[in-house]
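Okay, here's the structure, questions in a sec.
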Amino acid sequence: MELSKNYLPATVEEKWYQHWMDKGYFRSKPDGRQPFTVVIPPPNVTGVLHLGHTLNETVQDILVRRARMSGYNACWVPGSDHASIATEAKVVDMLKREKGIEKSQLSREEFLKYAFEWKDKYGGIIYHQIKKLGCSCDWDRVTFTMDDHYYKAVIRVFIDLYKKGVIYRGARMINWDPKAKTALSDEEVEYKDIQGKLYHVKYPVTDAAGTPTGEFITIATQRPETIMGDTAICVHPEDERYTHLKGFYVTVPLVNRRIPVIFDTYVDKEFGTGALKVTPAHDINDYNLGLKHNLEIVDTLNDDGTLSEAAVVFVGEDRFAARKKVVAALEEAGQLVKEQEYTTRLGYSQRNPDTVVEPRISTQWFVKMAEMAKPALDAVVNGDVRIHPGDRFLATYKYWMENVKDWCISRQLWWGQRIPAWYTSDGSFEVAATAEEAVQQFAARGIQVSAADLTQDEDCLDTWFSSWLWPMEVFNGISNPGNEDINYYYPTSVLVTGQDIIFFWVARMIMAGLEYKQTKPFSDVYFTGMVRDKQGRKMSKQLGNSPDLLELIHEFGADAVRFGIMISSPAGNDLLYDNASCEQGRNFNNKMWNALKLIKMWEQRQEVDNTDANGHFAVKWFESRLNQVQQEVAALHQDFRLSEGLKALYSLIWDDFCSWYLEWIKPGFEQPISAAVYRKTIYFFEQLMQLLHPYMPFITEEIYQLLDNRAADDSLMMKQFTSPAQPVHSVLVEGALAKEVITSIRDARNKNQIKPKDQVVLHIETKHQHAFAQIENILAKQVNAKTINFVQEPVPGCINLVIQKDKFYIETETALDTSAQKATLLKDLDYLKGFLVSVEKKLSNERFVQNAKPEAVEAERRKKSDAEAKIAAIEESLKSL
């Protein structure tokens, strides 16, 4: 078979993915093996995957493929999340833009029909992308958070927690998204520092009878559009400026409503004017003051952020347009004292990043979190659930859990699990799965109603209230507890996710798992970093700096994209993505492809002899390097340092195998190669492809298949790892010496313009001649040395080199200009003398010698000894010149 000039990923990827699918290699069924279970963090069905998802899915596939090749029954469950707020917003926009339909024109059922069509379209796109990336998911287990069984599980949990008193309904100050027209939890609000304005407004004072006193109280507000909702002015009871106003009132500007002056120590009398306007409907602190002082609540905003009838003025105006008009009206009325620049923090909706969140009094459903948070905190603190990298994210997790607030779980949306609460006409309600069950529960209370008399709650549940059940319900663990799958696959092995949802999702899954399975949902949590562009900016559609995954795969191939994102992805740290890393991946593919072509050229040039391949130094050295790196990679995977694992393999394959080993065993022009060495080389290449396969599955499978004639069921992705032998330390040392000597001599030849074809004589002055016994032949071949002589004194008229503590003399047939050598040696000498001074300074520091670890002090002494030996060798070489 003739191999293409370069590796062509497109046909290879399609061929092997379909082959793996046809063979059922991704499928998992419970059996006697130990399970390795991963559940995909379900991407929202709102569009296509971004590079953050690409990193996440690649990490998971690496872990799953390696586990499968290590004897585990690997099960990776794919799926997607209905994402109530984000998806409903997308569907509403689509209906308006493409069909000219407003949501208000549709019934709930009609709207949901369009939403499911959206889900089918974008869910399919997402799964297509995951497959193109090479992810080995069990596609028979695809789960969606609105699947029938999942829907029922969410409702079952809601009812259970309500009956336990963990879920309750009440009027509270909540976060409101005026664009989505829904409540948000505290965690769905993102705060930004902005430059705003502080408006100073004066309120005329009146006595108890309503007679103006001629005085004014000045307050400062960032939100003059809420003035119409003021129901008191609050001052400190010990503030001498205002103590005479007990029992007095002020008139609210623009609406002329009389409100009391109240006194409370909550007010800081040193801050601003010492007077605070109290607007209970629009600020949580004002709300609490209102409860304490029994103040009226005047809600001046509609659910879309426009001014309500209660505002009296500028009714129907958007809140920010109204702000400008209120300021103008106050100025015209002579009640605006001044404006000043002011830096403040504003909360924005996470789902609609351009929308400022409004505090709002609303009747919602809540989960009491304190009791559930305690065991979930303990599970992480005691190491039952391990976080990677723990040093960074454990503190974040603890902070969230120790400061947890009740979770608002109701959303004023149609897309999601509808709250199972059933109301009578007078507002009484029962929580039940069906209207019929609610009728029975009402009857138990002595209330006789029919199903037709009941109305179900219009709200749906927060998306996170469904996704916190994900590790259980993908195996029907809530809807069908005790089934074979949940008993076998739960708890799952590793969760791979982004650091930004440590509380939204990770903590809540632990809570739910401990509540419903009495055990953790996973053993390890691996947090990936944020993907940023090379300028350090977070990738976003708005900036246009996020590349399209399918376009990247088309240009570079899936393996190169996987390589590109993993090579620059240290665990937990943000990564700076650049297409250059994908180009590096493509070059790596071509390097391996060229190595394959070279080895296949030797296939017909094998010579059967009595050679023991293990007697060949190159074979012995590379076998030790392979075993060494195999152990390193296993340890790095154990610590979830996957990027470092890839770097170790990249260096082993590119440098040690392709650049050194293949050169060392390469036969001369039209010369045969030992059949034993050839077979050993095939074995090494297979081992390398097996180690690399979890990272780059397509090219490794292709090369593996082309290296030998394979049986139909012989697939690299199912080939099991074997335990590596211990590397031979002495051979590794000799191999490192060979590489250093060859590199240095080649550099010297180039600097002295000695042509590659010109032979030289190499003289080596060393006290360790035995160290060169194994590598002498390779050395001669690689530097084109006619002979190698071991000498006891300098050889005049040669190119002089000092490598480690040994001296090398390169003898050529032509006379040499030694000025360049002398300059190089003098430069090296200056560097070593400076280095020696710094080491001696450190060793002469008594505090360092007394306080440092003994091995650190010994390391510095070795550095001193090595530097002195090299200086002596260079000075001797300079004399000979």
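The values are calculated or read from the model by the stated rules, or taken from the named source; none is laboratory data. It should be emphasised that the depicted structure is a prediction, and the values quoted were computed from it without experimental measurement. Glycine gets a Cβ as well: all are built from the backbone with ideal geometry, and neighbour counts include every protein chain shown.
Suppose the filter is closer than 24 Å to Val38 by Cβ, part of a helix (DSSP H, G or I) and not aliphatic (A, V, I, L, M); does Gly134 pass it?
no
Residues are listed down the side, and each one gets a yes or a no for (1) under 25 Å from Ala873 (Cα atoms); (2) buried (at least 20 other Cβ atoms within 10 Å of the Cβ):
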| site | (1), (2) |
| --- | --- |
| His693 | no, yes |
| Glu701 | no, yes |
| Ala712 | no, no |
| Glu734 | yes, yes |
| Ala738 | yes, yes |
| Val741 | yes, yes |
| Asn752 | yes, no |
| Val760 | yes, yes |
| Ile775 | yes, yes |
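This table checks each residue for (1) modelled with pLDDT under 95; (2) touching a helix residue (DSSP H, G or I) at 6+ places or on another chain (Cβ under 6 Å); (3) surrounded by fewer than 19 Cβ atoms within 10 Å (Cβ to Cβ).
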residue	(1), (2), (3)
Val255	no, yes, yes
Val261	no, yes, no
Asp268	yes, no, yes
Lys277	no, no, no
Ile284	yes, no, yes
Tyr287	yes, no, no
Thr306	no, no, yes
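Another question about this same structure. Taking only segment 321-340 into account, find how many residues are acidic (Asp, Glu) and crowded, with 16+ Cβ neighbours inside 10 Å.
0
Now for a different question. Any idea how many residues of segment 149-196 are of a type in the set (Ser, Thr, Tyr) and over 19 Å from Asp457 (Cβ atoms)?
Step one: filter segment 149-196 for residues of a type in the set (Ser, Thr, Tyr), giving 150-151, 162, 168, 182, 185, 191.
In the following step, the residues that additionally are over 19 Å from Asp457 (Cβ atoms) were identified as 150, 191.
Of the residues in segment 149-196, 2 are of a type in the set (Ser, Thr, Tyr) and over 19 Å from Asp457 (Cβ atoms).
Something else now. Residue check: is Ala329 assigned to a loop (DSSP other than H, G, I, E, B), under 25 Å from Cys234 (Cα atoms) and in the same structural domain as Arg241 (by TED's automatic domain parsing)?
Considered against the rule, which asks whether it is assigned to a loop (DSSP other than H, G, I, E, B), under 25 Å from Cys234 (Cα atoms) and in the same structural domain as Arg241 (by TED's automatic domain parsing), Ala329 comes out as no.
Residue under question is Val404, and the condition is that it be at pLDDT 95 or above, within 39 Å of the chain's Cα centre (by Cα) and more than 30 Å from Lys113 (Cβ to Cβ); does it hold?
Criteria not met by Val404.
For segment 1-20, give me each residue that is within 18 Å of Glu583 (Cβ to Cβ) and either among the basic types (Lys, Arg) or part of a loop (DSSP other than H, G, I, E, B) (or both).
Lys5, Asn6, Tyr7, Leu8 - these are the residues of segment 1-20 that are within 18 Å of Glu583 (Cβ to Cβ) and either among the basic types (Lys, Arg) or part of a loop (DSSP other than H, G, I, E, B) (or both).
Let me ask you something else. Considering only segment 641-687, how many residues are out of contact with any Phe, Trp or Tyr (no Cβ under 7 Å at 6 or more places or on another chain), under 20 Å from Ala738 (Cβ atoms), charged (D, E, K, R) and part of a helix (DSSP H, G or I)?
3
Residue by residue, here is whether (1) part of a loop (DSSP other than H, G, I, E, B); (2) closer than 24 Å to Leu652 by Cβ holds:
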residue: Met717; (1), (2): no, yes
residue: Gln720; (1), (2): yes, yes
residue: Pro724; (1), (2): yes, yes
residue: Pro727; (1), (2): yes, yes
residue: Ser730; (1), (2): no, yes
residue: Glu734; (1), (2): no, yes
residue: Leu737; (1), (2): no, yes
residue: Ala748; (1), (2): no, no
residue: Gln753; (1), (2): yes, no
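In this structure, does Asp758 turn out to be farther than 30 Å from Asn73 by Cβ, at pLDDT 90 or above and assigned to a loop (DSSP other than H, G, I, E, B)?
Criteria met by Asp758.
Of everything in segment 194-221, what is touching a residue at least 60 places away in the same chain (Cβ under 8 Å), among the charged types (D, E, K, R) and more than 23 Å from Asp268 (Cα to Cα)? Give them in sequence order.
None - no residue of segment 194-221 is touching a residue at least 60 places away in the same chain (Cβ under 8 Å), among the charged types (D, E, K, R) and more than 23 Å from Asp268 (Cα to Cα), so the list stays empty.
Restricting to segment 33-47, and then to whatever is of a type outside the set (Val, Ile, Thr) and more than 15 Å from the chain's Cα centre (by Cα), can you tell me which residue is modelled with the lowest pLDDT?
Gly47
Counting only residues that are modelled with pLDDT of 95 or more and within 30 Å of Asp354 (Cα to Cα), give me the strands (runs of 3 or more DSSP E) lying completely in segment 150-215 with at least 1 of them.
167-177, 189-206
Quick test of your reading of the structure: Tyr650 fulfils all but one of (1) under 30 Å from Arg386 (Cβ atoms); (2) touching a Ser or Thr at 6+ places or on another chain (Cβ under 9 Å); (3) among the hydroxyl-bearing types (Ser, Thr, Tyr). Name the failing condition by number.
Among (1) under 30 Å from Arg386 (Cβ atoms); (2) touching a Ser or Thr at 6+ places or on another chain (Cβ under 9 Å); (3) among the hydroxyl-bearing types (Ser, Thr, Tyr), the lone unmet condition for Tyr650 is (2).
Within segment 44-52, identify whether any single residue is within 19 Å of Lys132 (Cβ to Cβ), assigned to a helix (DSSP H, G or I) and of a type outside the set (Asp, Glu), and answer yes or no.
Yes, there is a match, as at least one residue in segment 44-52 is within 19 Å of Lys132 (Cβ to Cβ), assigned to a helix (DSSP H, G or I) and of a type outside the set (Asp, Glu).
Additional query: Assuming Val142 fulfils every condition listed in (1) surrounded by fewer than 21 Cβ atoms within 10 Å (Cβ to Cβ); (2) on the phi > 0 side of the Ramachandran plot apart from one, which condition is it?
Answer for Val142: the failing condition is (2).
Can you tell me which of Glu402, Glu430, Glu436 is free of Cβ contacts under 8 Å to residues at least 60 places away in the same chain and more than 26 Å from Thr145 (Cα to Cα)?
Details: Glu430 fails: more than 26 Å from Thr145 (Cα to Cα); Glu436 fails: more than 26 Å from Thr145 (Cα to Cα).
None of the others qualify; the one that does is Glu402.
Would you pick out the residues in segment 503-544 that are within 28 Å of Glu402 (Cβ to Cβ), aliphatic (A, V, I, L, M), under 17 Å from the mean Cα position of the chain (by Cα) and buried (at least 21 other Cβ atoms within 10 Å of the Cβ)?
Across segment 503-544, the qualifying residues are Val506, Ala507, Val525.
While we're on this one: If you check Ile502, Ile486, Ile478, which single one turns out to be touching a strand residue (DSSP E or B) at 6+ places or on another chain (Cβ under 9 Å) and of a type outside the set (D, E, K, R)? Write out each step before concluding.
Numbers: Ile486 fails: touching a strand residue (DSSP E or B) at 6+ places or on another chain (Cβ under 9 Å); Ile478 fails: touching a strand residue (DSSP E or B) at 6+ places or on another chain (Cβ under 9 Å).
Step by step, each of Ile502, Ile486, Ile478 is checked, and only Ile502 is touching a strand residue (DSSP E or B) at 6+ places or on another chain (Cβ under 9 Å) and of a type outside the set (D, E, K, R).
Residues Gln412, Gln441, Gln364: which one is more than 30 Å from Leu289 (Cα to Cα) and touching a strand residue (DSSP E or B) at 6+ places or on another chain (Cβ under 7 Å)? Give the derivation first.
Working: Gln412 fails: more than 30 Å from Leu289 (Cα to Cα); Gln364 fails: more than 30 Å from Leu289 (Cα to Cα).
Result of the check over Gln412, Gln441, Gln364: Gln441.
So, one more: Among (1) touching a strand residue (DSSP E or B) at 6+ places or on another chain (Cβ under 8 Å); (2) surrounded by fewer than 21 Cβ atoms within 10 Å (Cβ to Cβ); (3) small (Gly, Ala, Ser), where does Ala580 come up short?
Status for Ala580: all satisfied but (1).
What are the residues in segment 123-139 that are of a type outside the set (Ser, Thr, Tyr) and out of contact with any Leu (no Cβ under 9 Å at 6 or more places or on another chain), if any?
Scanning segment 123-139 gives Gly123, Gly124, Lys131, Gly134, Cys135, Cys137, Asp138, Trp139.
Residues Ala115, Ala67: which one is out of contact with any helix residue (DSSP H, G or I) (no Cβ under 9 Å at 6 or more places or on another chain) and crowded, with 21+ Cβ neighbours inside 10 Å?
Exactly one of Ala115, Ala67 is out of contact with any helix residue (DSSP H, G or I) (no Cβ under 9 Å at 6 or more places or on another chain) and crowded, with 21+ Cβ neighbours inside 10 Å, namely Ala67.
Still on this structure: Please go through segment 16-52 and pick out each residue that is over 24 Å from Leu469 (Cα atoms) and loosely packed, with under 14 Cβ neighbours inside 10 Å.
Once the filter is applied, which keeps residues that are over 24 Å from Leu469 (Cα atoms) and loosely packed, with under 14 Cβ neighbours inside 10 Å, segment 16-52 yields Gln18, Asp22, Gly24, Asp31, Gly32, Arg33.
Separate question: Take residues that are under 29 Å from the mean Cα position of the chain (by Cα) and tell me which of the helices (runs of 4 or more DSSP H) falling wholly in segment 422-495 contain 2 or more. I'd like the intermediate steps shown before the answer.
On the way: elements: 435-444, 463-467, 470-473, 484-489.
Hits in segment 422-495: 463-467, 470-473, 484-489.
Please verify whether Trp654 is of a type in the set (A, V, I, L, M, F, W, C) and surrounded by fewer than 18 Cβ atoms within 10 Å (Cβ to Cβ), treating the condition exactly as stated.
When the stated conditions are applied, Trp654 passes them.
Next question. So the check is Cβ under 7 Å with 6+ separation or different chains; which pairs have a first residue in segment 84-110 that's loosely packed, with under 11 Cβ neighbours inside 10 Å and a second one that's at pLDDT 90 or above and assigned to a helix (DSSP H, G or I)?
Going by the 7 Å Cβ cut-off, the qualifying pairs are Glu102/Lys96.
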